[in-house]
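Asks: Below is the structure I would like to discuss, written out as structure tokens.
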Amino acid sequence: MRDGKYAAWFRTPRAEGTGVVHLAEGRISGSDSFFTYGGSYRFDDEQRFTAVLTTRRYADGPPTVFGLDEVQVNLSGVCNGAMATCSGTAREAPDVMFEVTLIYSQEDAPAVEARGAVVKLNDKLPKGLDSRSRPRHFPPSSRPPAS
């Protein structure tokens, strides 16, 4: 796995959800609409890794896939190119199997240099007022006002 942003799909037998996870130099951070994630990971070899993930609620909303707001999950998994899968259990809910699929998200493309695309409009705009810019006066309506 390379450092960067990942789309996360997580699930338990109780529920499933999605979020965004950032991996950088062995550290995990991320969030979804209701929770923040943190933790760490390390590689055992070229493909296998272990991770410890914690969750913390920051907004009111539905229950987590564990049924608890704050958990610490021990995970083990494998990565293959731009995708990783892992599974494990939370210390606070050891009977609930947790699975995660991570899909690497390409970084945003750099902004195109705009200096070469500047168009001067001052010479192309009309010099005086035309029919589109004059105030229009409409005759009074003969229909009775709506009540």
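Asks: Does Ala24 satisfy the condition of being in contact (Cβ under 8 Å) with a residue 12 or more places away in the chain and over 16 Å from the mean Cα position of the chain (by Cα)?
Replies: On the way: in contact (Cβ under 8 Å) with a residue 12 or more places away in the chain: yes; over 16 Å from the mean Cα position of the chain (by Cα): yes.
The answer is yes for Ala24.
Asks: Would you mind telling me which numbered condition in (1) without any contact (Cβ under 8 Å) to a residue 24 or more places away in the chain; (2) under 22 Å from Gln106 (Cα atoms); (3) among the basic types (Lys, Arg) Arg91 fails?
Replies: The single condition Arg91 does not satisfy is (2).
Asks: Does Ala90 meet the test of being modelled with pLDDT of 90 or more, farther than 25 Å from Asp3 by Cβ and small (Gly, Ala, Ser)? Quick ask: steps written out before the conclusion?
Replies: On the way: modelled with pLDDT of 90 or more: yes; farther than 25 Å from Asp3 by Cβ: yes; small (Gly, Ala, Ser): yes.
When the stated conditions are applied, Ala90 passes them.
Asks: Given the condition over 14 Å from Phe10 (Cα atoms), buried (at least 18 other Cβ atoms within 10 Å of the Cβ) and of a type outside the set (D, E, K, R), answer yes or no: does some residue in region 76-93 qualify?
Replies: Checking region 76-93: at least one residue is over 14 Å from Phe10 (Cα atoms), buried (at least 18 other Cβ atoms within 10 Å of the Cβ) and of a type outside the set (D, E, K, R).
Asks: Got at least one residue in region 3-17 being polar (S, T, N, Q), loosely packed, with under 14 Cβ neighbours inside 10 Å and out of contact with any Pro (no Cβ under 6 Å at 6 or more places or on another chain)?
Replies: Looking only at region 3-17, we keep the residues that are polar (S, T, N, Q), and these are 12.
Pick out the ones that are also loosely packed, with under 14 Cβ neighbours inside 10 Å and you get none.
No, region 3-17 contains no residue that is polar (S, T, N, Q), loosely packed, with under 14 Cβ neighbours inside 10 Å and out of contact with any Pro (no Cβ under 6 Å at 6 or more places or on another chain).
Asks: Checking Ala114 against (1) modelled with pLDDT under 95; (2) under 30 Å from Asp45 (Cβ atoms); (3) over 22 Å from the mean Cα position of the chain (by Cα): exactly one of these is not met. Which one?
Replies: The single condition Ala114 does not satisfy is (2).
Asks: His22 versus (1) surrounded by 14 or more Cβ atoms within 10 Å (Cβ to Cβ); (2) modelled with pLDDT under 95: which is the lone unmet condition?
Replies: Result: His22 fails condition (2) only.
Asks: Further question on the same structure: With the requirement that a residue be closer than 14 Å to Phe66 by Cβ and part of a loop (DSSP other than H, G, I, E, B), what does region 2-24 give you?
Replies: Residues satisfying the conditions are Thr12, Pro13, Arg14, Ala15.
Asks: Taking region 25-46 as the region of interest, how many residues are in contact with a Phe, Trp or Tyr (Cβ under 9 Å, 6 or more places away or on another chain), part of a strand (DSSP E or B) and either loosely packed, with under 15 Cβ neighbours inside 10 Å or polar (S, T, N, Q) (or both)?
Replies: Total meeting the criteria: 6.
The values are calculated or read from the model by the stated rules, or taken from the named source; none is laboratory data. All values derive from a computational prediction rather than experimental measurement. Counting neighbours? That spans all protein chains shown, and the Cβs are built from the backbone with ideal geometry, glycine included.
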